[in-house]
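Shown next, in structure tokens, is the structure this report addresses.
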Amino acid sequence: MEPLTPPLVLLHPDQRVGTDMARWRKNGGGAALIRTVRDPAALRAEMRKAELRGLGGSGFPVWRKWDAVAGEAANPDKYLVVNGNEDEPGTFKDRMLLEETPHQVIEGAVVSALAIGANRIVFYINPDMGRSVAVMRTAVEHWQNSDLLSLASTALGRPLELALTPSSGHYIGGEETAALEWIEGRFPFPRGKPPYPAQKGVLGCPTLINNVETLANVPHIAVHGAEWFRALGKGIGAGTKLYSLSGDVLYPGVFELPMGTPLRELIFTHGGGLLSGKPLKAVFTGGPSNTLLTPADLDVALDFDSLHERGSALGTGAMIVISEGTGIVKRVAEYERFFAHSSCGQCPPCKTGTATISRLLDLIDTGRGTAADLGTLKNLCALLPGSGRCHLVNGAVKLLESAFHHFHDEFHQALR
């Protein structure tokens, strides 16, 4: 059985042309920019109707960020940061867009910049994705010498500058205020909020930060309209979503499907089912910094609101599938070790809390834990949430709580 990959929007063959700008333009590339220069403010109104949400994990309505930055004074500059730090385990959608559809991403950034009045665009990409960085450098050079960028600068009333900055490569570097710190030349410690980036971002200027996948949608909304975009989704979902499917499935990969596609369809139709025909045990959703889904959740719609109703979250759209026979304690211990390693150390409760969680889970997983260790973990789940400036410690706790809820017996068995 071959995996099904409908050529919908972001992964359509017309967009997957690499750095070949001439071929991309022949296939319709640049049409969104030509349309937007006539009335940039109209695109902001269309984005509100389209109901596009942040696809890097937060699910925050895009138009709210746009309106906040557009409403700020433009003196001296406004920035748009294209967040391509992508370092969540199990997430590999942005690198596909950067490597195979770079001009789509750049056009999305340029028309977004016009809509909010930004004159500086920074492509912020994880250096561990070496090919992504190289492809985007070449694509940006093509734009620097193109009539499209000149057209955008004329519409803006001042030069629109494009720059590429490799991120720190740290997991925490994907947090939006940590990205600002790195771009300004400092270690990526998350900032306290407020002020928010829309008011005071790069070098104190109003700054919009959007994920790569989010911005890749913008040209299509600009050309085809909000109603067309919303109709692509299923149920209450709008548009399409790139789902990163991995783990114990026959066909792992990136699948662009309607927002709201059921989990069952993703795993068994597009992913080909589980390896060796084993039963499904659990799914780590949105990367591991989230809750677990079980076979009882197979018919849930994979959109922000439907998962929220079940106490979960779509996150980045990563789905890590686990089959029966895999120890949940061991897998959770691996991910908690990742969080402990990734903590930047700025917030002591996060640094010491994630390290303690990781240490105790390793003891339990290797048969050296005690009932007291399990009790300490449960106490930490109550104490740690909200103790850090970013989401890292909250994600570590959410995963652990979810594992306790669904697989409590496995933790007690590990003690014995």
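Where a number appears in this text, it was derived from the coordinates with a stated rule and is not lab data. Model, not experiment: these values are computed from the prediction. With ideal geometry, Cβ positions are generated from the backbone for all residues, glycine too; neighbour counts draw on all protein chains shown.
Under the Kirkwood approximation applied to all pairs of distinct alpha-carbon atoms, what is the hydrodynamic radius of region 350-415 in Å?
11.9
If I stretch the segment between Glu227 and Lys278 completely, what's the gain in nm (0.36 nm per residue apart, minus their alpha carbon distance), one decimal?
Here the segment from Glu227 to Lys278 would lengthen by 14.2 nm.
Give me the extension gain from Arg23 to Lys49: residue separation times 0.36 nm, minus the current Cα-Cα distance, reported in nm with one decimal.
Roughly 6.3 nm would be gained on extension.
List the pairs from Lys49/Lys193; Lys49/Lys200; Lys78/Lys193; Lys241/Lys278 whose alpha-carbon separation is above 23 Å, in the order I gave them. Could you put the intermediate results ahead of the total?
Numbers: Lys49/Lys193 28 Å; Lys49/Lys200 27 Å; Lys78/Lys193 19 Å; Lys241/Lys278 27 Å.
Result: Lys49/Lys193; Lys49/Lys200; Lys241/Lys278 exceed 23 Å.
Using each residue's phi in region 305-320, evaluate 6.51 cos²θ - 1.76 cosθ + 1.60 at θ = phi - 60° and report the 3J(HN,Hα) Karplus result to the nearest Hz, with x for Gly and Pro.
Karplus values, whole Hz, x for Gly and Pro: 6, 5, 6, 4, 5, 9, x, 10, 7, 6, x, 7, x, 6, 10, 9.
Please give the FRET efficiency for Thr326 paired with Thr154, using the beta carbon to beta carbon distance and R0 = 56 Å, rounded to the nearest 0.05. Kindly include the intermediate steps, with their values, before the conclusion.
Details: r = 57 Å, r/R0 = 1.02.
About 0.45, to the nearest 0.05.
For Arg264, Arg186, which order do you get if you count the other beta carbons within 10 Å of each Cβ and list the fewest first? All intermediate terms of the calculation are to be shown ahead of the outcome.
Values: Arg264 14, Arg186 11.
Fewest-to-most ranking of Arg264, Arg186: Arg186, Arg264.
Relative to the present Cα-Cα distance, how much length would full extension add between Ala382 and Glu184 at 0.36 nm per residue of separation?
Here the answer is 67.7 nm.
Would you mind computing, in nm to one decimal, how far apart the modelled labels at Asp409 and Arg38 are, each placed 7 Å from Cα along Cα→Cβ?
About 6.4 nm separates the two model spin labels.
Quick one: which residues, 5 or more positions from Glu161 or on another chain, have an amide H under 5 Å from its amide H? H modelled 1.01 Å from N in the peptide plane, none for Pro or chain starts.
Arg120, Ile121
Using the count of nearby Cβ atoms within 10 Å as a rough guide to exposure, how do Met259, Met129 rank from fewest to most?
Taking fewest neighbouring Cβ atoms as first place, the list is Met129, Met259.
Using θ = phi - 60° and the Karplus relation 6.51 cos²θ - 1.76 cosθ + 1.60, list the HN-Hα couplings for region 334-348 in order, rounded to whole Hz, with x at every Gly or Pro.
Once rounded to whole Hz, the list reads 4, 6, 5, 5, 4, 5, 4, 5, 7, 4, 6, x, 5, 9, x.
Check Leu208: other-chain or 5+ apart residues with amide H under 5 Å from its amide H, H built from backbone geometry?
Under 5 Å from the amide H of Leu208: Tyr79, Leu80, Val81.
Report the Stokes-Einstein translational diffusion coefficient (µm² s⁻¹, integer) for region 240-323, Rh taken as the Kirkwood radius over Cα pairs, at 4 °C with viscosity 1.567 mPa s.
On the way: Rh = 12.2 Å.
Reported coefficient: 106 µm²/s.
With label points built 7 Å along Cα→Cβ from the Cα atoms of Arg131 and Asn75, find their separation and express it in nm.
4.8
For the chain, report the convex hull volume of the alpha-carbon atoms normalised per residue, in Å³, without decimals.
Expressed per residue, the convex hull around the Cα atoms of the chain is 129 Å³.
Just to confirm my numbers, what's the Cα centroid distance between region 59-106 and region 149-176 in Å?
Centre-to-centre distance over Cα atoms comes out at 9 Å.
Can you give the FRET efficiency for Asp305 and Glu334, using 1/(1 + (r/R0)^6), R0 = 35 Å, r = Cβ-Cβ distance, to the nearest 0.05? Write down the numbers at each step before the final one.
Numbers: r = 30 Å, r/R0 = 0.86.
Efficiency for this residue pair is about 0.70.
Looking only at Cβ-Cβ distances, which cysteines of the chain have no other cysteine closer than 4.7 Å?
Isolated Cys, the chain: Cys205, Cys344, Cys381, Cys390.
How many angstrom separate the Cα center of region 32-54 from the Cα center of region 235-304?
Cα centroid of region 32-54 versus Cα centroid of region 235-304: 30 Å apart.
Which value results when the Cα radius of gyration for region 1-138 is divided by 2.2 N^0.38 Å?
Expressed relative to 2.2 N^0.38 Å, the Cα Rg reads 1.10.
For region 233-380, what is the Kirkwood estimate of the hydrodynamic radius, computed as the reciprocal of the mean inverse distance between distinct Cα atoms, to one decimal in Å?
On the way: mean 1/r = 0.0607 Å⁻¹.
About 16.5 Å, per the Kirkwood formula over Cα pairs.
Which percent of Cα pairs goes in each bin when the distances of region 21-231 are cut into 10 angstrom slices starting at zero?
For region 21-231, the binned pair fractions read 9, 38, 40, 13, 0 percent.
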